[in-house]
Each structure stands twice: as C-alpha cells, then as structure tokens.
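**Student:** Handing you this structure, nothing more for now.
The values are calculated or read from the model by the stated rules, or taken from the named source; none is laboratory data. Here the structure is a predicted model, which means the values were calculated and not measured. A quick note on method: Cβ atoms are made from the backbone with ideal geometry, for glycine too, and the neighbour counts reach across all protein chains shown.
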Amino acid sequence: MNDGQNSHAEGAHPSRTGILRWITTTNHKDIGTMYLVFSFIMLFVGGAFAMVIRAELFQPGMQIVQAETFNMLTTMHGLIMIFGFIMPVFVGLANWMIPLMIGAPDMALPRINNWSFWLLPVAGTILLSTMFMQGGGPNFGWTFYAPLSTTFAPQSTDYFIFAVHLLGISSIMGAINVIVTIFNMRAPQMRLIDMPIFVWTWLITAFLIIAVMPVLAGTVTMMLTDRNFGTSFFNAAGGGDPVLFQHLFWFFGHPEVYIVILPAFGIVSEVIPTFARKKLFGRTSMIYALASIAFLSFIVWAHHMFMTGLPLAASMFFMYATMLIAVPTGVKVFNWVATVFKGSLTFEAPMLFSLAFVVLFTIGGFTGLMLALIPADVQYHDTYFVVGHFHYVLVPGSLFAVFAAMYYWLPKWTGHMYNETLAKFHFWISAVAVNLTFFPMHFLGLAGMPRRIPDYALQFTDFNQIISVGAFVFGAAQLIFLYIVIQAMRGKGPKATDRVWEGSHGLEWTVPSPAPYHTFGEPPAHVERH
Amino acid sequence: MLNATKKSNVRLAAILLTTAFGMLLFAFAMVPLYDAFCEMTGINNKGGRVRVEMPTEVDTSRSIKVKFITHVHGDMPWEFYTAENTLEVHPGEVKKVLFYTKNNAASDMSGQFVATISPGQGTRYVKKTECFSFNRQFIDGLDEKEMSVVFFIDKDIPDDVEELILFYTLFDDTLGAKT
C-alpha cells in the first residue's frame, strides 16, 4: 500500500534530476524514451555499417575494406539491426504506449522494466567492442551457423555469445512485463477484446519472445561449451550434428521474424483507421489472423533449411505450412485495404508511411512465397534474392511502421507537432530510395549473385551501382528524420492538442499533450467497447 | 498499486518466467530428441547402433550392391581406405569388411569415424553388429591399424533399393579425447 501512496505523493515530476533520474527511473515513459533513444542510436550505427558495405559493393573488386572486415560488417549490420534496433524500438513503443492505451498507471513490474533496459547498453557495448578485439568481431553472418561460429570463429565469439545472453534476458524480461501489464493492469471496463490492436499484437509478440528467446539462449550456450569445454553438440567428430544447430537456430529464428513484424502490423492497424476516419475493418478477424500467424510461425522453421538435405516429406510439409501463412497475412492486408476503401483520407506522414508499408510489405510477402517453393528455393537460396526479400519486409516493413509510429505519437510525447513538410519530404525520399535500393537485388539474385560477398562478377556492376546510390540516399534521408524528431523534442513547432489527430480513437488521446509524468492514477471512466 | 494486483502480478510473472525456463530446458532436450527422432525415422542416415538379432535365413533371390566411401575430414594426417570398394550382398547374409588406417603424424592421435548411409530409405535396414565407428580409435604416432565392420542387410528391405552407400568420415578427435 505504501508504494501506491508514494507514487501519488510524487506528483507530476520525476523525483530525481540529472543522470540519476534516468538510471534509477521506474517510470514507463522515461524507460520508453530510453529504449527509443538507444535503438535509434543503434539504427544509425547499423546503418553506417550498411553504408560501408554498399560503398565496397559499388564496384567489383576490393576497394575499401578487407574481405574479413566485410564479413564482420555484414554480420554486425544484421545483429545490430535485429537485436539492437528493431526489437528494442518495439519494446520502447510498448513501454510508452501500452499503459496509456489500456489506462494503466505504469508497467506492472517497473523495477524489472528498468533492469531490462539497462542490460541493453551493456550488451550493445560488448557486441560492438568485439570489432576492436584481436582477430576481429563475429564474421560468420547474423545466423552464426556452426561450425563456422564454433570451430572456425574468431576468439571474440565468446563475447558475442555473452552479449546474446544479455539481450535474451532483456527481451524476456520485457515480454513478461508486457504480458503481466496487459493481463492485470487494464482499466476495469476494458475487456481483452476491447484492447487496441497495437496492444493485441504486443501481447502475442510477447508470448513468442518467451517461447523462443530461451531456445536462442540455449543454442548459444551449446556453442559456448562446444568452443570452450569440449562438448560436441554441433561437432560431428564428437557425435554431434551441425544440422542440429540450424534446427535450433531457426526454431528461434522463424518466430523471431514475426516478433519483428507483428508490432508493425499493430502500428499500421492504429494509424490507418485514424487517417481514413473509419473503424478498422474486420477487427476480430485481425486478432484471429495474428494468433494464426503466431501459431504457424512455430511449424515452418525448416523452410530456411531446404538445402540441408531434408527428407522430401519433411520439405513438403514445411513448404505447405509456409504457404499457409499467406492466408492470415492476406486477411490482414485485405482488411487494411478495406479500411482505406471509401474513407475520408488525409495523407499526413504517419499515413504515408503506413500505406507504403501495406504495399511494400506485401511485395516482401510475395517474394517470401516464391522462396517457400522448394524447387524455386534451390535456385534462390543464398543469393541476393533472399537479401531483397527480407529487406523488403524489414525496411519498408518494420522500419516504415516504426517511422509511422514515431510521427503518429511524437506530438503526444513531446506536446509539439513535428514539421509536417519535412516529414513528407522524408517519406518521399525514403520511399523512392528504399525501392531503388532493394528492388534490383531481386534481379541480381535471379541472375546468380551470391549474398555475403565483398566482390562480384563484372556483369552485376550496373545493378550494384544503382543499389548503392539508393542506399546512400536512403541513409542520408534518415538524417532528416533525426532532425525532425530533435526539433519536436526541443519544443519547436505548434503545440499539439490532446486529440492530436482529428480521427484518433483510444485512451492515449484522452490525456494531455505532452503526456504528464504520471497518467491514469485513477482508471479512466470511459472505455470504448468493440 | 493495490496489494491484490501486486500479488497477482508477481504470480503471473513467476508463471511466465517458469515457462521461459522450461523453453530453455526444451532447447537442451532437443539434442537427444533430435537424435531419437532421426534414429526412429532413419532420416539422418546414421544407421542404428541397436542390439540386433542375427538373421536366420539368407534371401539368395536378390542381391544389393553395397559401396564403401572413405573420407578424411580437414587436414588430419591419417590415411583411411578399404580394400573392397564394392560388394554384392544378399539380404540376410552376414559380411565382414576390413578398413585400414595409418597415423602419419609422429604423435599419438585419436580419431572418430562417422558413418552415413544413403539412400535414406535403406538406412534402417543396414544392421551393423560390429563397427570401428562405434568407438573412438586411438593410434600411436606413425602406427597403423586394421579395423572391421560386420553387417547384414535386413530381408525386409524394400525392393526398389538396389544400391547402398556406406560413407565413412574420419574426424580428428585428439583434443576431445583429452578432455
């Protein structure tokens, strides 16, 4: 009971100031902000790696970096973007928005919340520090297949393993917090079915995290003992099996794909109805589709392994199960389009990014279907086609949804509107550059250019130069985004109203802008029913 | 926050943490489960090390061509070969094949032979009663060794399997043997 009284007595401001406020904070808004700041720093670090990769690939032959450095950069680019950017940025959005959207005063386990955040900078530092160690950092691709990551890996791999452990603990703690908050802290009148779709996507994502992050932790632990303590989990000489590594990794890895896209679905499902001034079409079917996708994600992992010599029957099973995912995903895309249909549309930056998400994510989904076909995958696997495919679902997919979320909720966080003209400019440059970057990759892949190589055959030069130019423009465009966000944080721009957007629905728009330090000390009186 | 909410928060968090811990155990359980699954279905082509009943009759109406392939993994300084590369075997007939290996290094070494059998449909019908791959092999520096495999083919083997390949890979296990 004491806790409850104290938090009311604290009033509207943090109890400490300066750096200690951020180190000791248990406030969901502070922690959300820290998550967002951390992940965007990682986005720019990972992006810088991508720029070097594209600079090297601008011409055939070796120009800028050594082959070993190139391998390290591709590996670190993948690891930083997945574990350092996309996962934390969604946890940051969850921290900020879930309590506001369900009328809760804070996250359910505030101290654990603080701990899960502060593990991240530690893990990120360990991971990045490997690049400066003797023998270089991880250079075996973000999928770290054994025995490349066990027998043949640089010394620093043990640090990488430890960093993955910390990242795993952080995201498991974050996920537990989200689930407990959603189940126990909702406003009394809010039934599960009344929850905003973003909260629904996070509930399901959190279950996925709890189910698969421990498997990743177990896998890297096996790597650790294989490397240092003479076990042979993945070593054929000692009776182990390298293919087992791939099974374990992709048992984690495929649900992970949905961990990094489901919250994006949630964001788009919030933004599109607001700017179409309509209710989300097929709300219930959206939730069932989410649950189906989450379930199917556990039984498709071996479609990443068609080339390992799986028995035909198993390959067929995984192929059909994979293609089945197109059904619930198709339901979602249909519902978004149906929400837009005959709506009173306006095209503010969040809406532009969301609409681009729907179109471009769908392209990524289709190329995924192509890769699901065994005979096609025999040709496409390990080529730039795969690189094109997963960048389409991650960049104009997840990343565009994150931009949409940032522009959508930034006025609520800062109390000031962002610069809409610049934001539209940011969108159009990004939308053109993203396609310029990733679309030609499909053709390169079909023509036979392998992925993860620093040098390539002469006939691939033209497309690679187009890709590199697109990548540089895309990278530069993100500096505009940085500028827009900083300007809004500094209070430049008109004051935002509480509703911010004309068509907005939901509890987060009933609190003042900027959202006060403590909100919903008393549960909201009225909750929208569905 | 109300005490009741706090209590149920901690309880739910504990349940979820236990689930996460259970999934960690599941990852480790996958190791024996994977082996058991492969053995049961014959997928991984390793062939069983099961206790086998010796065959009572020989089916002389058909014979299966059995090929042996030997391979030394990496740059291990051992030689490894067999005198008989191909063999015609009747189902139910017990055969013994000799393999030879030589340690060209001056130091004592140990190696592990790993067998895979192709095609997958035939794997489970190859019954080995004795094989040098069952145990780690130690050879003194510059010494050589004669090893044998004793096997038969189960008479239930499908008719469409006309040829079997036993592929042996030799791995350097000197470091593993020390620990």
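**Student:** Condition first: among the hydrophobic types (A, V, I, L, M, F, W, C) and either at the interface with chain B (Cβ under 8 Å from one of its Cβ atoms) or surrounded by fewer than 19 Cβ atoms within 10 Å (Cβ to Cβ) (or both). Now tell me which residues in the range A:225-242 satisfy that.
**Tutor:** A:F229, A:F233, A:A236, A:A237
**Student:** Additional query: Just give me the residues in the range B:128-144 being of a type in the set (A, V, I, L, M, F, W, C) and surrounded by 14 or more Cβ atoms within 10 Å (Cβ to Cβ), in sequence order.
**Tutor:** B:C131, B:F132, B:F138, B:I139
**Student:** Which condition from (1) within 24 Å of A:R452 (Cβ to Cβ); (2) surrounded by 21 or more Cβ atoms within 10 Å (Cβ to Cβ); (3) touching a Ser or Thr at 6+ places or on another chain (Cβ under 8 Å) is the one that A:T219 breaks?
**Tutor:** (3) is the only condition that A:T219 fails.
**Student:** Just need a number here: residues in the range B:139-179 that are without any contact (Cβ under 8 Å) to a residue 60 or more places away in the chain, within 14 Å of another protein chain (Cβ to nearest Cβ) and hydrophobic (A, V, I, L, M, F, W, C).
**Tutor:** Of the residues in the range B:139-179, 1 are without any contact (Cβ under 8 Å) to a residue 60 or more places away in the chain, within 14 Å of another protein chain (Cβ to nearest Cβ) and hydrophobic (A, V, I, L, M, F, W, C).
**Student:** Next question, about the same structure. Hey, does the range A:192-206 have a residue that's facing chain B (nearest Cβ under 8 Å) and either surrounded by 21 or more Cβ atoms within 10 Å (Cβ to Cβ) or in contact (Cβ under 8 Å) with a residue 12 or more places away in the chain (or both)? Even if it seems obvious, please write down each step before you answer.
**Tutor:** Of all residues in the range A:192-206, those facing chain B (nearest Cβ under 8 Å) come to none.
For the range A:192-206, residues facing chain B (nearest Cβ under 8 Å) and either surrounded by 21 or more Cβ atoms within 10 Å (Cβ to Cβ) or in contact (Cβ under 8 Å) with a residue 12 or more places away in the chain (or both): absent.
**Student:** Starting from residues that are buried (at least 16 other Cβ atoms within 10 Å of the Cβ) and away from chain A (no Cβ under 11 Å), keep the ones in the range B:14-47 and report whichever is modelled with the highest pLDDT.
**Tutor:** B:E39
**Student:** Could we say that A:F439 is surrounded by 21 or more Cβ atoms within 10 Å (Cβ to Cβ), within 26 Å of the chain's Cα centre (by Cα) and hydrophobic (A, V, I, L, M, F, W, C) here?
**Tutor:** On the way: surrounded by 21 or more Cβ atoms within 10 Å (Cβ to Cβ): no; within 26 Å of the chain's Cα centre (by Cα): yes; hydrophobic (A, V, I, L, M, F, W, C): yes.
No.
**Student:** Also, I was wondering about something else. Being touching a strand residue (DSSP E or B) at 6+ places or on another chain (Cβ under 7 Å), touching a residue at least 40 places away in the same chain (Cβ under 8 Å) and small (G, A, S) narrows it down to one residue among A:G491, A:G506; which is it?
**Tutor:** A:G491
**Student:** Which count do you get for residues in the range A:421-453 that are touching a Gly at 6+ places or on another chain (Cβ under 9 Å) and at negative phi?
**Tutor:** Count: 15.
**Student:** With the checklist (1) closer than 24 Å to A:T219 by Cα; (2) among the aliphatic types (A, V, I, L, M); (3) at pLDDT 95 or above in hand, flag the one item A:V243 doesn't pass.
**Tutor:** Failing condition for A:V243: (3).
**Student:** Could you check A:P147 against (1) touching a Leu at 6+ places or on another chain (Cβ under 7 Å); (2) surrounded by fewer than 22 Cβ atoms within 10 Å (Cβ to Cβ) and say which number it fails?
**Tutor:** Of everything listed in (1) touching a Leu at 6+ places or on another chain (Cβ under 7 Å); (2) surrounded by fewer than 22 Cβ atoms within 10 Å (Cβ to Cβ), A:P147 misses just condition (1).
**Student:** Given (1) farther than 16 Å from A:Y407 by Cβ; (2) at pLDDT below 95; (3) of a type outside the set (D, E, K, R), where does A:M449 come up short, assuming only one miss?
**Tutor:** (2)
**Student:** Suppose we filter the range A:150-187 for residues that are assigned to a loop (DSSP other than H, G, I, E, B), surrounded by fewer than 21 Cβ atoms within 10 Å (Cβ to Cβ) and away from chain B (no Cβ under 13 Å); how many remain?
**Tutor:** Here the count works out to 2.
**Student:** Against the condition at pLDDT below 85 and either more than 16 Å from B:F80 (Cβ to Cβ) or among the β-branched types (V, I, T) (or both), how does B:T174 come out, does it pass?
**Tutor:** So B:T174 passes the test.
**Student:** Any idea which of B:F80, B:F113 is more than 9 Å from every other protein chain (Cβ to nearest Cβ), within 23 Å of B:F138 (Cα to Cα) and modelled with pLDDT of 90 or more? Before the answer, list the steps.
**Tutor:** Values: B:F113 fails: modelled with pLDDT of 90 or more.
None of the other options fit; the residue is B:F80.
**Student:** From (1) among the aliphatic types (A, V, I, L, M); (2) surrounded by 15 or more Cβ atoms within 10 Å (Cβ to Cβ); (3) in contact (Cβ under 8 Å) with a residue 24 or more places away in the chain, pick out the condition that doesn't hold for A:M316.
**Tutor:** Here A:M316 meets the rest and fails (2).
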